[in-house]
Amino acid sequence: MKKQYLLLISIFILGAFLRFYKLGDVPIGLHTDEAYFGYNAYSILHTGREMTGNFLPLNLKSFLFSPAGYSYASIPFITFFGLSAFSVRFASALFGSLTIILTFFLAGQLFRSFKNREYIALATSFFLAISPWHINLSRVSTESVLVVFFISLGILLYLLWEERNKYYFLILSLLAFAANIFIYQAARSFLPLFLPLLFIVFTRKIFSKRNIFPIAGFILLIVVPVLLILRSSDLSFRIRTLSIFGNPQTQLVLDEQAREDGISGVKPIESRFFHNKITSYSLTFLDNYTKHFSYDFLFTDFGLPIRYKVPGMGLLYLFELPLLILGIWKILNLNKKLAVFIIGWILLVPVGSALTFDDVPNLQRTLIVFPALSIIVALGFVWLTDEAKKRIKRKYVLKIAYFLLFVIAFYNFAFYMHQYYVHQIVHRPWYRQEGYEKLVSEINKHAYAYKRVVVTNAQVNPTIFLLFYNQYDPASIQKIIEKSSGTNYGDVSFSKYQVSQEQCPVREEILTDTKTGLDYPSITGEKGVLYVEDGTCKVVDGKVNILSQIRRSDDTLVFQLVTLK
């Protein structure tokens, strides 16, 4: 076996270890998104339907019509391991690990005409394997990791088609790209922009008959589905609700500017010239877009959503900053075609995220910057080490330089591991809905003795966690939801569980006697019922029994199980 493949296997083992080690326990807690993907996978596995009753859905009605691809990807692992945090995250960790190998072959294909292509390919795989950004998201149930894999696969297959002119490569490439439409929303805005770039940069004789098939495939498999999604009020619901064009804040700012112009005596036509929707939306888009390239986003813990935050740690290592700059300089001088493709790829990634107002800058929607970002860093590293060999004649000086580079890189890596496995666990765990697993366990110890269990919805979507951790029969919940008129599937009452809109279902209230007009204290609730209250609720002494208290990893109180005396 060639040395390069032994190194690749070693890199893969390292990357897989970083993605699978304590996968079910870290990050702490199971986020709502993970619970929805997991339980719907469990429901499809056992009934062929998602929890709302839709048969073999492409989009999950119960989860704001999000693409169902991740749920389908999780089914084999839920079948084998059972429904748990580990099994639901397995698909993400697996595809994240496989992307390391795929990246090696993709980088090798992109640089196939260069003498040190194997060196570049191995370095690219290594930087992806240890990437904090990619590791963070590979360890949770997130669709973007699968999208990175399938986009990388699609690119590799397309390049093989261009090289070998075998149409099965093209067909498989188009199918790999099309799969992303049914996995993640961000791919729906990225692919219609990215695939023309891929086609223009690498296609020979663009206007030849040979290229009718890929163009037709692009239109039928990418453009048409995206247009159909945009035309559907249900499937475009999440797009519309998160779009900057649907954000009322934009109109409020315009109204304020018009009012200030009016007070200052500015003519309406002049006011409209400077303050209009085109200008306002453009400025918002540019502000959102540039945030994704900021130092704060890439090298500090400024990235959103906050549930993925590793305190004090950026998405990239600090030692990668000079390598990133060197890599950009190198590729611009190395090959113009590759520079247009790789830098164009990176520049297109934030477009979709910049069109939203929620959680910007967003590290989840922009994960598809990989492996392009790893390629740039690898190029910088390869150039730096090559130049060091050429310019540093004394071997001991060269060894010292390599050693210092290793120490700096290793310290960055060790710091990330420390922040991830020590600090992240106790740092603001409430953003990951920690406590529900312990809660369900405690409820099951006591529920048999009570006629109902009333659960507060203060910690968001209690139903999906009760279903998930109880592995509740999917057919039964489908019947209940079918009879329900509501659309908030995270608050559906079922079996003995009754979801309460009250943060504190058991509390003291001051009532007024209608006969005497005097005020008197009264306790809400009834005997024989088990209540789950928010951890911030004040328990009335002498009138309420506390059966159990659920605490987060940072020792904050999240739930209390109480009954009336």
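In region 1-13, which residues are surrounded by 13 or more Cβ atoms within 10 Å (Cβ to Cβ) and aliphatic (A, V, I, L, M)?
Matches in region 1-13: L7, L8, I11, I13.
So which residues in region 240-284 are buried (at least 17 other Cβ atoms within 10 Å of the Cβ), under 21 Å from G352 (Cβ atoms) and of a type in the set (A, V, I, L, M, F, W, C), if there are any at all?
L242, I244
Taking the stated definitions as given, is I212 modelled with pLDDT under 95, of a type in the set (A, V, I, L, M, F, W, C) and farther than 25 Å from T356 by Cα?
Numbers: modelled with pLDDT under 95: yes; of a type in the set (A, V, I, L, M, F, W, C): yes; farther than 25 Å from T356 by Cα: yes.
Yes: the conditions hold for I212.
Output the strands (runs of 3 or more DSSP E) that fall wholly within region 441-514 and possess 3 or more residues being at pLDDT 95 or above, or say none.
Numbers: elements: 452-456, 497-500, 508-512.
Output list reads 452-456, 497-500.
Among the residues of region 199-216, are any crowded, with 19+ Cβ neighbours inside 10 Å and closer than 25 Å to F65 by Cβ? Show your work before the answer.
Pass one, region 199-216, residues crowded, with 19+ Cβ neighbours inside 10 Å: 214.
Next, from what is left, pick out any that are closer than 25 Å to F65 by Cβ: none.
So far as region 199-216 goes, no, none of its residues is crowded, with 19+ Cβ neighbours inside 10 Å and closer than 25 Å to F65 by Cβ.
Looking for whichever is assigned to a helix (DSSP H, G or I) and either farther than 23 Å from S152 by Cα or under 18 Å from the mean Cα position of the chain (by Cα) (or both) here; the options are F297, F302. Which one fits? Quick ask: steps written out before the conclusion?
Details: F302 fails: assigned to a helix (DSSP H, G or I).
Exactly one residue qualifies, and that residue is F297.
Touching a Pro at 6+ places or on another chain (Cβ under 8 Å) and not aromatic (F, W, Y): is that true of A186 in this structure? So that I can check it myself, show each step before the final result.
Details: touching a Pro at 6+ places or on another chain (Cβ under 8 Å): no; not aromatic (F, W, Y): yes.
Against the criterion (touching a Pro at 6+ places or on another chain (Cβ under 8 Å) and not aromatic (F, W, Y)), A186 does not qualify.
Would you be able to tell me the number of residues in region 361-387 that are within 26 Å of S243 (Cα to Cα), open to solvent by less than 20 Å² (accessible area, probe 1.4 Å) and not in a helix (DSSP H, G or I)? Explain how you work it out, then say what you get.
To start, the set of residues in region 361-387 that are within 26 Å of S243 (Cα to Cα) comprises 361-370.
Then keep just the ones that are open to solvent by less than 20 Å² (accessible area, probe 1.4 Å); that gives 361-364, 366-370.
Add one more test, that the residue is not in a helix (DSSP H, G or I), and what stays is 361-364, 366, 370.
Selection size over region 361-387: 6.
For region 311-332, enumerate the residues that are crowded, with 16+ Cβ neighbours inside 10 Å and in contact with an Asp or Glu (Cβ under 8 Å, 6 or more places away or on another chain).
Correct list: M313, G314.
Would you mind stating whether S495 is surrounded by 14 or more Cβ atoms within 10 Å (Cβ to Cβ), over 18 Å from K438 (Cα atoms) and out of contact with any His (no Cβ under 8 Å at 6 or more places or on another chain)?
Numbers: surrounded by 14 or more Cβ atoms within 10 Å (Cβ to Cβ): yes; over 18 Å from K438 (Cα atoms): yes; out of contact with any His (no Cβ under 8 Å at 6 or more places or on another chain): yes.
It is true that S495 is surrounded by 14 or more Cβ atoms within 10 Å (Cβ to Cβ), over 18 Å from K438 (Cα atoms) and out of contact with any His (no Cβ under 8 Å at 6 or more places or on another chain).
A quick yes/no check of all residues on (1) over 30 Å from E118 (Cα atoms); (2) modelled with pLDDT of 95 or more; (3) surrounded by fewer than 24 Cβ atoms within 10 Å (Cβ to Cβ):
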residue	(1), (2), (3)
G15	no, yes, no
L23	yes, yes, yes
A35	yes, yes, no
H46	yes, yes, yes
L58	yes, yes, yes
S71	yes, yes, no
G82	yes, yes, yes
F86	yes, yes, yes
L94	no, yes, yes
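Can you name the residue in region 515-535 that is over 23 Å from I550 (Cβ atoms) and not in a strand (DSSP E or B) and, of all such residues, is least open to solvent (accessible area, probe 1.4 Å)? Before the answer, list the steps.
Of the residues in region 515-535, the ones over 23 Å from I550 (Cβ atoms) are 515-522.
Cutting the leftovers down to not in a strand (DSSP E or B) gives us 515-518.
Details: K515: 188, T516: 89, G517: 50, L518: 114 Å².
Residue satisfying both the conditions and the ranking: G517.
Residue-by-condition table, conditions (1) among the aromatic types (F, W, Y); (2) open to solvent by 50 Å² or more (accessible area, probe 1.4 Å); (3) within 20 Å of R507 (Cα to Cα):
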{"residue": "S441", "(1), (2), (3)": "no, yes, no"}
{"residue": "N444", "(1), (2), (3)": "no, yes, no"}
{"residue": "Y448", "(1), (2), (3)": "yes, yes, no"}
{"residue": "V453", "(1), (2), (3)": "no, no, yes"}
{"residue": "A458", "(1), (2), (3)": "no, no, yes"}
{"residue": "L466", "(1), (2), (3)": "no, no, no"}
{"residue": "I477", "(1), (2), (3)": "no, no, no"}
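The values are calculated or read from the model by the stated rules, or taken from the named source; none is laboratory data. Quantities reported herein were computed from a predicted structural model and do not represent experimental measurements. Cβ atoms come from the backbone with ideal geometry, glycine included; neighbour counts cover every protein chain shown. Ligands, DNA and RNA are excluded from the accessible area calculation, which covers all protein heavy atoms including side chains. Shrake-Rupley method; radii C 1.70, N 1.55, O 1.52, S 1.80 Å.
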